[in-house]
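Asks: Okay, here's the structure, questions in a sec.
Derivation of every value follows stated rules applied to the coordinates shown; laboratory data play no part. As the structure is a computational prediction, the values presented were derived from the model and not from experiment. In this analysis, Cβ positions are derived from the backbone assuming ideal geometry, glycine residues included, and neighbour counts consider all displayed protein chains.
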Amino acid sequence: MTKGRATRNGFSRTGKLLAGQLRAVSQSRGFEKSKILTHWEDIVGPDTAAMCRPTEISYGRGGLGATLVLLTTGANAPVLQMEKEKIRERVNAVYGYPAISKVRVTQTASHGFSEGKIDFALKPKAQPAAEPQPETIRSAQRATADVGNDDLRAALARLGTNIIEKEKKGPQK
C-alpha cells in the first residue's frame, strides 16, 4: 500500500497515486502548477485554447520573470501575438502573482513535430449519459439474480444495463 489515506479495503485513489508522478513531469517542463496544463481551456478561453498549447515555462537566471512558451500553427501565430498580454494576465491570475513576464509563440506544422503530432482541435466535452430504461434495468437484474454477493450482483447488474443500452444505440462513431 502507498502512503496516504486508504479509501476502501486498503486501496488508494488513482489520482493520489499518480499525483507525484504528474507533478514531476509537469515540473520538468517548468510548470510549477499543473493546472496550467490541465485547465488550459478554462484559463485562456476556448477560442485561444483551440489555437495553441503551452509547452514550457522557462525561468531566467535570477529566477524572476518566467517565459511561457506556446505552440501553435503558422496561421494562428499572428493572432496569438496580439493576444499575448491577455494570455499572460490570465496565467498570472492562476499563479496569484506576476510569475510570467513574457509569452513566446512558437510555430509548427498543422500536424505537429516530434512531440506526438499535436492536434489543436478540441475534443467535445462528454455529454451526460441518459438514464437507462426501467425494462433494461429489470432485465439485467434478472440475469444476475443468482449471484450470492450483494455488491457483486449490483455491480454486474450495472454492467449488464450499460451493455444492453450500448447495444440498443448501435455502433458508435
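Asks: For a quick check: with amide H placed at 1.01 Å from N, whose amide H comes under 5 Å from THR73's, ignoring anything fewer than 5 positions away on the same chain?
Replies: The list, which skips near neighbours in sequence, is THR108.
Asks: Efficiency by 1/(1 + (r/R0)^6): what FRET value for GLN141 and ALA93, r their Cβ-Cβ distance, R0 = 45 Å, to the nearest 0.05?
Replies: After rounding, the FRET efficiency stands at 0.35.
Asks: Separation between the ARG61 and ASN149 pseudo-spin-labels, each 7 Å from Cα along Cα→Cβ, expressed in nm?
Replies: 6.4
Asks: Let me ask something additional. Calculated FRET efficiency, SER101 and GLN127, Cβ-Cβ r, R0 30 Å, to nearest 0.05?
Replies: The calculated FRET efficiency here is 0.15.
Asks: Would you mind ranking THR161, THR72 so that the residue whose beta carbon has the fewest other beta carbons within 10 Å leads the list?
Replies: Lowest to highest Cβ neighbour count: THR161, THR72.
Asks: Continuing with this model, one more query. Check HIS39: other-chain or 5+ apart residues with amide H under 5 Å from its amide H, H built from backbone geometry?
Replies: none
Asks: Moving on to the next point. For the pair MET82 and HIS39, how long in nm is the line joining their label points, each one 7 Å along Cα→Cβ?
Replies: 2.9
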